[in-house]
Amino acid sequence: MLRPAVRSAIVMIAVAAAGLTMGEALVTDAGRIALLVLGLAAIGCVPWRYRYPWAFVLGSILVGNVSLIATYLPLVGVFVIATRRRTTETVLVLVLSVAAAAANIYRGIPDLQEMLLLLGGAAALLTSSAVGGLLAGNRRAMVDDLRERLARAEAEQVERDEQARAAERRRIAGEMHDRLGHRLSLLSVHAGALVLRTDLSAETVRESAQVLRDTTHRAMEDLRTIVQVLHEPPCPDAVEPEDTEDLTAVEQLVSEARAAGADVSLRSTALLLVSPPGRPLAGVAYRVVREGLTNAARHSPGAAVEIVLDGRPGRDLTVTVHSGCTGEGPAPQGAGTGLVGLRERVETLTGGTLAHGPLPDGYRLRAVLPWTKEKDA
């Protein structure tokens with residue numbers, strides 16, 4: 001779309017070029033030169049036609065009837081008023097323009113037949129300009145309305161995303177709160193046993209101390225997570241997620257999907273390791289797979305789904321869910337809050353990243369989760 005300055009320049013050149021055909025540039029007397037300058041000055045006001053519409057249209061009617069080079073300037077004024085989409089104003093300006101043209105033609109053309117012919121042509125041009133202005137005004141109003149709706153939809157989407165993130169943070173905080181309470185209760189039990197039992201062997205004491213050390217380490221990890229996400233108190237109505245200890249829950253999830261008739265394949269190197277990932281990686285990986293299967297069942301029912309879990313300690317655990325196409329057209333668009341909450345969980349609990357998007361042969365959901373011994377101790 002052309003910029004306003006460019007459009008104004010084109011209009012000015014078109015009006016001046018059309019006016020030159022009336023013979024204004026051929027005169028040499030002072031009066032005609034003054035009218036030529038007046039007409040050029042009126043044409044120079046075109047860039048301000050929308051800022052001062054009534055001043056512009058009245059000036060264009062007056063100048064257009066005395067300066068030949070500005071003869072076609074009233075067409076621009078009628079167009080500008082018509083874009084305001086006010087019927088009374090448009091009709092009034094159109095009548096004034098036709099009346100001014102009739103007076104000018106009557107003054108310069110004595111022959112009645114020729115006068116009526118020129119008047120009919122002028123009225124047709126002015127009416128066409130008014131109709132074009134109305135159409136342009138309607139189009140501009142539609143574009144403005146669409147832009148407003150788009151801005152409102154984007155704002156609502158941002159608000160929904162923020163609400164989804166906040167809800168996920170509350171669920172994570174509630175989950176971590178309960179887990180921390182469990183850790184502390186274990187600490188209390190083992191510490192109480194050491195205090196009350198005086199007949200324990202040195203080996204038993206060392207084993208109990210090791211349990212206390214491991215439990216304390218996990219409690220500190222949970223406490224750090226709570227500090228990161230606990231912006232608001234836990235939501236009492238939120239449904240608490242499963243406490244997944246390892247990746248066997250992923251195998252169970254795939255088995256359930258197959259039992260329901262889904263075409264799901266699972267390839268995993270992480271499941272074959274002696275020390276597979278524990279919490280929180282296992283829980284996050286489980287949620288990624290569950291979200292991928294849910295979206296595949298919702299948007300591409302019957303399509304093949306491939307799940308890949310790859311990684312080892314000291315590197316990243318990569319969880320990929322690739323669903324194929326069914327060939328039944330584009331998938332329906334959802335609210336996307338599930339992916340927003342999943343991203344919040346991936347980034348908050350593991351420091352990982354989540355990516356998703358369409359591919360030529362389907363849709364891919366991919367999470368990269370840092371896998372360190374300290375995080376899964």
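The values are calculated or read from the model by the stated rules, or taken from the named source; none is laboratory data. As the structure is a computational prediction, the values presented were derived from the model and not from experiment. Cβ placement follows ideal geometry from the backbone for every residue including glycine, while neighbour counts extend to all protein chains displayed.
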Subject >> Hey, Val37 modelled with pLDDT of 80 or more, out of contact with any Gly (no Cβ under 6 Å at 6 or more places or on another chain) and outside any helix (DSSP H, G or I) or not >> reply: no
Subject >> Of the criteria (1) closer than 20 Å to Pro53 by Cβ; (2) without any contact (Cβ under 8 Å) to a residue 60 or more places away in the chain, which one Ala102 fails >> reply: (1)
Original post:
Which ones in segment 106-123 are surrounded by fewer than 12 Cβ atoms within 10 Å (Cβ to Cβ) and over 15 Å from Asn65 (Cβ atoms)?
Top reply: Pro110, Asp111, Leu112, Gln113, Glu114, Gly120
Original post:
Within segment 74-111, can you find the residues that are modelled with pLDDT of 85 or more and of a type in the set (Asp, Glu)?
Top reply: Glu89
Original post:
How many residues does segment 291-313 hold that are assigned to a helix (DSSP H, G or I), in contact with a strand residue (DSSP E or B) (Cβ under 9 Å, 6 or more places away or on another chain) and modelled with pLDDT under 85?
Top reply: 4
Original post:
Do we find a residue being at pLDDT 80 or above, crowded, with 16+ Cβ neighbours inside 10 Å, farther than 19 Å from Val368 by Cα and touching a Leu at 6+ places or on another chain (Cβ under 9 Å) anywhere in segment 263-282?
Top reply: yes
Original post:
Are any residues in segment 47-82 over 16 Å from Leu96 (Cα atoms), surrounded by 24 or more Cβ atoms within 10 Å (Cβ to Cβ) and among the aliphatic types (A, V, I, L, M), and if so, which ones?
Top reply: Ile69, Ala70
**OP:** Mind telling me which of the residues Ala14, Ala25, Ala42 ends up being surrounded by 12 or more Cβ atoms within 10 Å (Cβ to Cβ), modelled with pLDDT under 80 and in a helix (DSSP H, G or I)?
**Re:** Ala25
